[in-house]
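Trainee: Submitted below is the structure of interest, expressed as structure tokens.
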Amino acid sequence: MSTGALPLLARLGEAASFPQAVRNYETDPWSYMRRKLGECALPLREYKRTLYEEASARLLEDLRAPFLKPGAMLDHKETFEKLLTPDAYADLSFHLDPGGDPKSRREAVKALLSAGKIKTAFDTEALPPERRGKPWQALVEDTSRRLGLDQLKEIMERGPKTERRRAYAVRRARRDLAEFLTVTRGESGMREEITLFVLTRVEAAIAALLRFLNA
């Protein structure tokens with residue numbers, strides 16, 4: 001049974017905190033936050049796999065319908081662009097354009113979906129900057145500003161990276177991440193499910209923070 005977004009949000013919650021129980025055995029809050037963000041890779045991929053399977057089922061259902069709603073394929077394209085690697089998305093997108101035999105198109109889409117390669121922020125960030133795509137770079141840079149990381153970077157560049165300076169910067173980064181994560185919470189705590197729109201911004205936050213911590 002899928003546990004939804006909870007494992008991912010749990011790792012992010014750990015990255016956004018450094019309680020006394022952790023300080024008893026962790027001496028470097030900077031490395032701790034970086035490690036917890038890195039541990040988001042697996043639960044992020046698993047949750048995106050869940051969203052991918054749900055989106056695939058919706059797409060195939062629409063392709064079986066006698067008539068498609070106006071804009072339906074455009075909505076599917078926008079969804080799969082966030083889920084698939086560029087090459088896999090390009091192949092799928094080609095078959096979502098109007099025209100052709102409906103049955104043949106449905107079979108081609110079904111085959112592509114079964115072989116689709118899901119992308120995460122970790123995959124994109126592993127690429128050279130020039131291959132990450134301008135939209136992704138713009139989103140990460142905007143999220144970095146929202147998290148106040150540009151200001152923290154300036155602070156870190158003003159002088160030697162002493163332990164006191166590092167401790168202040170990572171404390172601010174944890175606080176701003178915790179504030180950012182309020183969008184993933186409901187009245188009873190962490191949401192079991194978050195939308196792809198929100199997830200994309202969570203991924204951008206992970207990327208922005210790891211860029212800062214790895215610099």
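The values are calculated or read from the model by the stated rules, or taken from the named source; none is laboratory data. If you're wondering where the values come from, they're calculated on a predicted model, not measured in any experiment. Note that each Cβ is placed from the backbone with ideal geometry, even for glycine, and that neighbours are counted across all protein chains shown.
Trainee: Does Lys119 meet the test of being within 17 Å of the chain's Cα centre (by Cα), crowded, with 17+ Cβ neighbours inside 10 Å and either more than 25 Å from Trp30 (Cβ to Cβ) or aromatic (Phe, Trp, Tyr) (or both)?
Mentor: Values: within 17 Å of the chain's Cα centre (by Cα): yes; crowded, with 17+ Cβ neighbours inside 10 Å: yes; either more than 25 Å from Trp30 (Cβ to Cβ) or aromatic (Phe, Trp, Tyr) (or both): yes.
Spelling it out, Lys119 is indeed within 17 Å of the chain's Cα centre (by Cα), crowded, with 17+ Cβ neighbours inside 10 Å and either more than 25 Å from Trp30 (Cβ to Cβ) or aromatic (Phe, Trp, Tyr) (or both).
Trainee: Identify, please: which residue in segment 17-63 is under 30 Å from Glu78 (Cβ atoms) and among the basic types (Lys, Arg) and is, among those, surrounded by the most Cβ atoms within 10 Å (Cβ to Cβ)?
Mentor: First pass over segment 17-63, keeping only residues under 30 Å from Glu78 (Cβ atoms): 37-63.
Now restrict to residues that are among the basic types (Lys, Arg): 45, 48-49, 58.
Numbers: Arg45: 15, Lys48: 23, Arg49: 14, Arg58: 14.
Looking at residues that are under 30 Å from Glu78 (Cβ atoms) and among the basic types (Lys, Arg), I get Lys48.
Trainee: Assess whether Arg166 counts as being over 23 Å from Glu78 (Cα atoms) and either touching a residue at least 60 places away in the same chain (Cβ under 8 Å) or touching a strand residue (DSSP E or B) at 6+ places or on another chain (Cβ under 6 Å) (or both).
Mentor: Values: over 23 Å from Glu78 (Cα atoms): yes; either touching a residue at least 60 places away in the same chain (Cβ under 8 Å) or touching a strand residue (DSSP E or B) at 6+ places or on another chain (Cβ under 6 Å) (or both): yes.
So Arg166 fits the description; yes.
Trainee: Look through segment 166-197, keep the residues that are under 18 Å from Cys40 (Cβ atoms), touching a Leu at 6+ places or on another chain (Cβ under 7 Å) and in a helix (DSSP H, G or I), and return whichever of them is modelled with the lowest pLDDT.
Mentor: Thr184
Trainee: Looking at segment 64-76, which of its residues are at pLDDT 90 or above and surrounded by 17 or more Cβ atoms within 10 Å (Cβ to Cβ)?
Mentor: His76
Trainee: Using beta carbons and a limit of 6 Å, which pairs, at least six apart or on different chains, have the first residue in segment 197-215 and touching a residue at least 60 places away in the same chain (Cβ under 8 Å) and within 17 Å of Ile118 (Cα to Cα) and the second one among the hydroxyl-bearing types (Ser, Thr, Tyr) and assigned to a helix (DSSP H, G or I)?
Mentor: Filtered contacts from segment 197-215: Ala204/Thr143.
Trainee: With respect to Leu84, is the statement that it is more than 29 Å from Ala16 (Cα to Cα), buried (at least 16 other Cβ atoms within 10 Å of the Cβ) and outside the structural domain of Arg201 (by TED's automatic domain parsing) true?
Mentor: Working: more than 29 Å from Ala16 (Cα to Cα): no; buried (at least 16 other Cβ atoms within 10 Å of the Cβ): yes; outside the structural domain of Arg201 (by TED's automatic domain parsing): yes.
It is false that Leu84 is more than 29 Å from Ala16 (Cα to Cα), buried (at least 16 other Cβ atoms within 10 Å of the Cβ) and outside the structural domain of Arg201 (by TED's automatic domain parsing).
One line per residue, one yes/no per condition, for (1) touching a helix residue (DSSP H, G or I) at 6+ places or on another chain (Cβ under 6 Å); (2) over 24 Å from Ala5 (Cα atoms):
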{"position": "Gly159", "(1), (2)": "no, yes"}
{"position": "Arg164", "(1), (2)": "no, yes"}
{"position": "Arg174", "(1), (2)": "no, no"}
{"position": "Thr182", "(1), (2)": "no, no"}
{"position": "Phe197", "(1), (2)": "no, no"}
{"position": "Arg201", "(1), (2)": "no, no"}
{"position": "Ile206", "(1), (2)": "yes, no"}
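Trainee: Sort out for me the helices (runs of 4 or more DSSP H) sitting completely within segment 28-131 that have 2 or more residues that are in contact with a strand residue (DSSP E or B) (Cβ under 7 Å, 6 or more places away or on another chain) and touching a residue at least 24 places away in the same chain (Cβ under 8 Å). I'd like the intermediate steps shown before the answer.
Mentor: Numbers: elements: 29-38, 41-64, 72-83, 86-94, 102-114, 121-125.
In segment 28-131, the matching helices (runs of 4 or more DSSP H) lie at 41-64.
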